[in-house]
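To keep things clear, I will list the structure first and then write my remarks on it.
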Amino acid sequence: MSLSNELIQRVANEENDYVIDCRRAIHKMAEISGTEEKTSAFIIEEIKKAGLPFEMVSKTGLIATLDTGKAGPGIALRADIDALPLHEEDNNQKGPRTCVSDNPGTCHACGHDAHAAMLLGAIKALTANKDKLSGTIYFCFEEGEENGGGAVQMLEAMGRRHIDTCWAIHVYAGLDSGRICVDPGPRMAGAAGAAVTVIGKGGHGSRPDMTSNPVFCAAAILTNLSTAFVNQITAGQTVTCGMASIQGGTTGNIIPDKAEINGSFRFFDVEQGAKAVEILKSVATHTAAMNKCTVEFDPRTRVLVTPVINDTYYGELARKALTEVLPKGAVVSCEPWYASESFSRVTAKYRAVFAHLGINNAEYGSGAPHHNGFFDVDENVLKLGVMSTLKYVSAVEDLTEWPAK
């Protein structure tokens, strides 16, 4: 027994106002990574209303459990709950937004408020239809996704449970509203840090010959790095070289002792990501020697996050299942997203599906990029996200066996 398409559509419609209200409430109380006390308390209150037991797995992250009492799969549904340290504009790209953060300098400019709200809607719908379900469903609310602060604890807690497959949704401004992508394979990029301190010898700007100028050295490192990338990254592989900051000195007539380079690499092949880090280290070390400088590498100069890779079996299952319940044309393919996500830890361990839910609505004004003060969520798509979650649960429960990773 599982949820029929008609039931999924009906309950998603019935819970739509609830999901929107949850999204707005969480949006207004926006809290940055590791400080999501009010957000976590709000979620806990909703879980208590549903009558589900829960476990705190980190400071603000938690897992609620719906045990049907019947044999079946273990399914983990995950949402993140943190906001960003960013000023939110009163308007989106078109005009006034539906709600604005109550906390100046902090806002949900990535959509985690929508993720948490859709999962709360799924809790309410699945709990009300427990008699039609089997197995155990785990509702995972992860703290600190933006800085990775809660991912390890969440994964450890998941490891103490029997889980066959995992599902998560990320709203995506790069996809039109009313569209969802569950393609198997790479969906979000891995990331490596690039943080280099160039150490030279400072002095008066009038006598550069008496110094070892780390500013020139840092500039040369970046120039040489771009050449090395062209010639050393494996042909056919993509690794983006996002050097975002070079800083050295504070005035025009004093050569500093140090300069700093900061950036990141993004990739879909971990081996190539690690190779990019080694290229940076080699280029920086040898260029520094040419300029009578030395370099130090911050511990972040390594592969920090692996790519999000959707499971082939469950990705195909999701794509087929969603076409049965969503409007015609809603299920689409889209290019992988070069941002990174802590859900990569889940896809590395479990057979999982990470869906991209489009929110780009020019008429409403929700097309701004993520991590931008004008970013906004088209609330009309939240119902589609809830329907997709319920249908994934139903499709997994309809299987007769659940293959392991």
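The figures follow:
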item	result
When residues of segment 1-24 are limited to those that are surrounded by fewer than 18 Cβ atoms within 10 Å (Cβ to Cβ) and hydrophobic (A, V, I, L, M, F, W, C), the one modelled with the highest pLDDT	Leu7
Hits in segment 138-163 (condition: outside any loop (DSSP other than H, G, I, E, B) and buried (at least 24 other Cβ atoms within 10 Å of the Cβ))	Phe139, Cys140, Phe141, Glu142, Met154
Candidate set from segment 25-34 (those that are buried (at least 18 other Cβ atoms within 10 Å of the Cβ) and out of contact with any helix residue (DSSP H, G or I) (no Cβ under 9 Å at 6 or more places or on another chain)); member that is nearest to Thr68 (Cα to Cα)	Ser33
Per-region count, segment 266-312, residues farther than 26 Å from Gly149 by Cβ and over 22 Å from the mean Cα position of the chain (by Cα)	18
Residue match in segment 383-399 (condition: among the hydroxyl-bearing types (Ser, Thr, Tyr) and in a loop (DSSP other than H, G, I, E, B))	no
The one condition in (1) among the small types (Gly, Ala, Ser); (2) surrounded by fewer than 19 Cβ atoms within 10 Å (Cβ to Cβ); (3) under 14 Å from Thr127 (Cα atoms) that Ala64 fails to fulfil	(2)
Residue list for segment 184-213, restricted to those being within 15 Å of Gly242 (Cα to Cα), touching a Pro at 6+ places or on another chain (Cβ under 8 Å) and either of a type in the set (A, V, I, L, M, F, W, C) or assigned to a helix (DSSP H, G or I) (or both)	Ala189
Out of Leu84, Leu66, Leu62, sole residue that is within 17 Å of Val377 (Cβ to Cβ) and within 26 Å of the chain's Cα centre (by Cα)	Leu84
Segment 359-383: number of residues that are surrounded by fewer than 24 Cβ atoms within 10 Å (Cβ to Cβ) and modelled with pLDDT of 95 or more	16
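Each row is one residue, and each column tells you yes or no for (1) touching a residue at least 24 places away in the same chain (Cβ under 8 Å); (2) buried (at least 22 other Cβ atoms within 10 Å of the Cβ); (3) among the charged types (D, E, K, R); (4) touching a Ser or Thr at 6+ places or on another chain (Cβ under 6 Å).
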{"position": "Leu126", "(1), (2), (3), (4)": "yes, yes, no, no"}
{"position": "Thr136", "(1), (2), (3), (4)": "yes, no, no, no"}
{"position": "His170", "(1), (2), (3), (4)": "yes, yes, no, no"}
{"position": "Asp176", "(1), (2), (3), (4)": "yes, no, yes, no"}
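The values are calculated or read from the model by the stated rules, or taken from the named source; none is laboratory data. This one's a predicted model, so the numbers in the text were calculated from it and none came from an experiment. Cβ sites come from the backbone with ideal geometry, for glycine too, and all protein chains shown count toward neighbours.
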